[in-house]
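To start, the structure under review is shown below, and the notes come after it.
The values are calculated or read from the model by the stated rules, or taken from the named source; none is laboratory data. Everything numeric here is computed off the predicted structure, so don't read it as measured data. All Cβ positions, glycine included, derive from the backbone under ideal geometry; neighbour counts span all protein chains shown. Accessible surface is based on the protein model in full, side chains and every heavy atom, while ligands, DNA and RNA are left aside. Shrake-Rupley method; radii C 1.70, N 1.55, O 1.52, S 1.80 Å.
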Amino acid sequence: MKLATPYKLDHARAILGVLLLFFAASGLGAEFTDHRLNGGVPVLSELLETGAIAMFGVVFVLGWNALGENRKQGMVVLAIAALCIALLDALHMMSVQGLFDINTPANLSRDRYLSLFARAVAAKSLLMIALLPFNSRVRRRAATAALTLAVVTVGVVASLIFRHADLLPPLLIVGRGPTTLYLNVEYAIAAVNAVTGVLLYRQLRTTMQTSEQATSDRTTLHFNALIAAAAMAFSALYFVASTTIEPAMNMFNVLAQLCMAIAALSLCRATLTIGLHTPYAAQTALLQQMEETSSGIDQSQMRMTGIIENANDAIISTDESQKIVQANAAAAAMFRTTVEEMQGKSLEDYLPQQERTAPDEHHSYPGNNEISIRMTGRRATDHAVIGVKSNGEEFPLEGSISSMMVNDDRIYTVILRDITERRQIQEQMAQSHKELSQFAIALNAVREEERKHIARDLHDDLGQLLAAMRMDLSLLQQQPVQTSRSEQLLGSMDKLLVTSITSLRRIATDLRPRALDEGGLYFALESLRKEFIARHGIDCRLVANEAALALDDARSTAIFRIIQESLTNIVRHAQASKVTLKLARHKGFLVISIQDDGRGIAHAELHKERSFGLVGMRERVRAMQGELSITGELGHGTLIEITIPL
């Protein structure tokens, strides 16, 4: 269905061309037509004027009530002007009919004054439509005030013309024809209408530059106002001709009234389109849109139903009393029942209330019994719901809840997932990780024990053997009979023995610091600090209390190895010049910090492959139920913080 009439600029050009051709042709055939019609010309003129009055009345009614409370400025101007024109033309007709055979100068001027004033109002209103913004809204009170003022003005002017016509300058003089004043006013009306037509044509051309057609209210009004302005310009010229061209006065008067009727018809067409056709078209378009929307909703509902029915997750919808109103096939299969059996039952039958406990963040809704289900996105092991199958078997679930209003009733939708397999995998992984951790702890303990034995054997057996050999060598050097060659060999052997003893002590210390067994953790760390400074030339400070480091052998060994590994990493990677070791007890914890002023460490380096030193440190800390944190900023050093419960 075609809802609106499209306007084209070519239509306006064509209509204006027809009016112009008609004006030219009418000038040639007016005398002949007037002679053939004879006495019927005045009657035809009155009929045309009556029709114009009726159409201007329709323009007022439709224009005043168009768009309801959202009155627009252009329509208000047109409606008020149409009412004024209709009143003045009606008075003009009554004047002509009441004075049919009277042609005194006063009566003739009164007749012309009413017609001039009506057409001047029309010319001014069309010019206002061309100049003022159409879409500006006018309040009802302001529109009513303007209408009242216009009607009062028409009444005052009409009263002046009827009662004091002899006081007004004459427009027609019997025997002499129209006065200069009358002709100038008619030409002015024609000129104003011509200017208005040019303005409206330019506005239409600007509006239609980007679109060949337009159906807006503004374009509708401007298009028809352009035709009305052209018709009224020709009407003014015809009225001049009706007073100056003697043989065809009556015919030119008919043509003038015909142009007025064309203008009224054009404006009537505009108000009909804006006041009736456009709202109807908009309503029809709205109905079509509603039908399309309804069809789209139906299709969306069908798609949603298909998605729910074919979803792999269990979906259950309940009301506020937790009665199941909808369930999909996946839910029925999960609980080993059917969709028909689930509908109408209580959610309590499948999710027992005592099992609905959320250890962390959860989502709930009220009912006879509050439902509380952990939202998705948490750890899979933190399931908050235990489901019960139709055979009584319990199984873990995780899910989420959403709600929506349907016909003033709140419906809750629960999406559930069976995490039995995932939980089993999680438990297996946790058990495997626990076993690996225990294995690592046992492996470290065995390795430390082996190191202790090897270090003790090296120190006690091989160390004593080397010391005895050096004593024998010293006795041999004290013998009186020696050659220079033998003295050189004995000295070299002595140096080798000293070097061997030193290396033996270093190896034994690396395997197991003797100070750790004899003096405890504090003296072992102090010995490690001095050896670190001597071997690498890096300043190292130890801030600790001997009493605070009185720990059992396992913890002392683990902490020593952690600090030893940290210092090794500093030497290899940090490029530091200063290291600070701090160990202190705080609220039942041993707090350890190792800080350097080196190049720092990037986040990616903390988890790079084959970083076994850091892995070993983490495992040792985890074995002691502690926590390890490594932070660093490039160019500002690295900080290792360890907290171990005591």
**Asp408-Thr144 pseudo-label distance in nm [points 7 Å out on the Cα-to-Cβ vector]** = 3.7
**Item:** Most to least packed among 54-63, 294-303 [average Cβ atoms within 10 Å]
**Value:** 54-63, 294-303
**Prompt:** Once a ≥ b ≥ c are taken as the square roots of the eigenvalues of the Cα gyration tensor of the range 560-621, is the result rounded (a/c under 1.5), prolate (a/b larger than b/c) or oblate (a/b not larger than b/c)?
**Reply:** oblate
**Request:** Provide the FRET efficiency to the nearest 0.05 for the Ile501-Gln424 pair, computing r from the beta carbons and using R0 = 45 Å.
**Result:** 0.15
**Request:** Take each of the peptides 223-236, 136-149, average the number of other beta-carbon atoms within 10 Å over its residues, and list them starting from the highest.
**Result:** 223-236, 136-149
**Complete:** Rounded to the nearest 0.05, FRET efficiency between Ser295 and Glu605 (Cβ-Cβ, R0 45 Å) equals 0.15
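Accessible area per residue, 1.4 Å probe, Å², for the range 517-578: what's the number?
On the way: 3120 Å² over 62 residues.
On a per-residue basis, the range 517-578 sits at 50 Å².
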**Message:** For a test of the definition: using alpha carbon positions, the gyration tensor, and the 1.5 limit on a/c, classify the range 523-646 as rounded, prolate or oblate.
**Reply:** oblate
**Asked** Of Lys389/Lys434; Lys345/Lys389; Lys72/Lys124; Lys530/Lys578; Lys530/Lys582, which pairs sit farther than 21 Å apart, going by alpha carbon to alpha carbon?
**Response** Lys389/Lys434
**Complete:** Distance in nm between Lys434 and Ala191 label points, each 7 Å along Cα→Cβ, equals 10.7
**Fill in**
Full extension between Glu340 and Phe395 adds, at 0.36 nm per residue less the Cα distance, a length in nm of 17.6 nm
**Item:** Within the accessible area of the range 280-321 (1.4 Å probe), percent carbon and sulfur
**Value:** 55
